[in-house]
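All remarks here apply to the structure that follows.
The values are calculated or read from the model by the stated rules, or taken from the named source; none is laboratory data. Computed from a prediction, not measured in an experiment: that's the story for all the values here. Here the Cβ positions follow ideal geometry from the backbone for every residue, glycine too, while neighbour counts run over all protein chains shown.
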Amino acid sequence: MSDIKYNRIVLKLSGEALAGEKGFGINPPVIKDVASEIKNIYDLGIQIGIVVGGGNMWRGEAGAEMGMERAQADYIGMLGTVMNGLALQDNLESLGVPTRVQTSIEMRQIAEPYIRRKAVRHLEKGRVVIFAGGTGNPYFSTDTTAALRAAEIGADAILMAKNGVDGIYSDDPKTNEDAVKYDSLTYMDIISKGLKVMDSTASSLSMDNHIPLVVFNLNKSGNIRKVITGENIGTTVKEK
């Protein structure tokens, strides 16, 4: 398989990506399409870890702004990522893709606790591993979770699938027509330019561990496979 660029990846899916145009909750047709896209690269023999967000269910920052204690609000958000993870698992397994959900907060009746060595073993045996529950700690985003898990399992890259945005821009392309798209950036560019791609903790962690990041549009069919096979789509972020 000489055309494969990344053999072990962490795919970062936002909660909004699973909600589709509804913007809230789980949209069954959308999550089914996402599962099909994942199966498309699974069939190539790629080892796949997935980090799911929970913004379609709850946002800890929003809860804190309404007066809720921030840590408590963040724990609610972590539960939202577990719901998304279970829904994605069900759709993947309906397509014949063996999948395990691991949570950073133990809930043994529905998922495995996160154990790094066990996650790596699942990947080696050809199972997709969904990392839910964030890092298990408040104040950390699921972007940071993606960077952390990618470092822990030795991933070749983080693939950040965006909902309707085809890369990184100088400004929000939905509100600014003059926003310029970047084909490539460094992690220092992300931090110095204040680009809202991932939080600074996640950017620093990815940079320190030499893990490239590819940001692309999830809504266009076949895009995940294109990234895996090395086509130049979206925006690639590297250490240098």
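Filter the stretch 204-226 for residues that are assigned to a helix (DSSP H, G or I) and under 14 Å from the mean Cα position of the chain (by Cα); which is surrounded by the most Cβ atoms within 10 Å (Cβ to Cβ)?
Taking the stretch 204-226 and keeping what is assigned to a helix (DSSP H, G or I), we get 204-208, 223-226.
Keeping just the survivors that are under 14 Å from the mean Cα position of the chain (by Cα) gives 206, 224.
Details: S206: 27, I224: 24.
The qualifying residue surrounded by the most Cβ atoms within 10 Å (Cβ to Cβ) is S206.
The set of residues in the stretch 10-33 being of a type in the set (A, V, I, L, M) and in contact with a strand residue (DSSP E or B) (Cβ under 7 Å, 6 or more places away or on another chain) consists of V10, L11, L13, A17. Looking across the stretch 34-63, the residues that are under 26 Å from T229 (Cα atoms) and either part of a strand (DSSP E or B) or without any contact (Cβ under 8 Å) to a residue 24 or more places away in the chain (or both) come down to D43, Q47, I48, G49, I50, V51, V52. Only one of the listed residues (E21, E16) is of a type in the set (D, E), at pLDDT below 95 and over 16 Å from the mean Cα position of the chain (by Cα). That residue is E21. Which ones in the stretch 174-203 are over 15 Å from the mean Cα position of the chain (by Cα), crowded, with 17+ Cβ neighbours inside 10 Å and either hydroxyl-bearing (S, T, Y) or assigned to a loop (DSSP other than H, G, I, E, B) (or both)? Result: Y182, Y187, L195. Just one residue in the set I26, I31 is surrounded by fewer than 24 Cβ atoms within 10 Å (Cβ to Cβ) and in a loop (DSSP other than H, G, I, E, B); that residue is I26. Taking the numbered list (1) in contact (Cβ under 8 Å) with a residue 40 or more places away in the chain; (2) in contact with a strand residue (DSSP E or B) (Cβ under 6 Å, 6 or more places away or on another chain); (3) surrounded by fewer than 21 Cβ atoms within 10 Å (Cβ to Cβ) in turn, E112 passes all entries but (1). If you take the residues of the stretch 63-92 that are acidic (D, E) and at pLDDT below 95, which of them is farthest from E16 (Cα to Cα)? Step by step, filter the stretch 63-92, then rank; the result is E69. For the stretch 210-220, the count of residues that are touching a residue at least 24 places away in the same chain (Cβ under 8 Å), more than 29 Å from G154 (Cβ to Cβ) and of a type in the set (D, E, K, R) is zero.
Only one of the numbered conditions (1) surrounded by 15 or more Cβ atoms within 10 Å (Cβ to Cβ); (2) touching a helix residue (DSSP H, G or I) at 6+ places or on another chain (Cβ under 7 Å); (3) without any contact (Cβ under 8 Å) to a residue 40 or more places away in the chain is violated by I233, and that is (3). Residue count for the stretch 100-141, restricted to those that are among the hydroxyl-bearing types (S, T, Y), at pLDDT 95 or above and closer than 18 Å to S14 by Cα: 3. Only residues that are in contact with a helix residue (DSSP H, G or I) (Cβ under 7 Å, 6 or more places away or on another chain) and either among the hydrophobic types (A, V, I, L, M, F, W, C) or under 13 Å from G234 (Cβ atoms) (or both): list them for the stretch 164-194, please. If the condition is that a residue be in contact with a helix residue (DSSP H, G or I) (Cβ under 7 Å, 6 or more places away or on another chain) and either among the hydrophobic types (A, V, I, L, M, F, W, C) or under 13 Å from G234 (Cβ atoms) (or both), then I190, I191 are the ones that fit. Across the stretch 88-129, the number of residues qualifying as more than 18 Å from the chain's Cα centre (by Cα), part of a helix (DSSP H, G or I) and not acidic (D, E) comes to 5.
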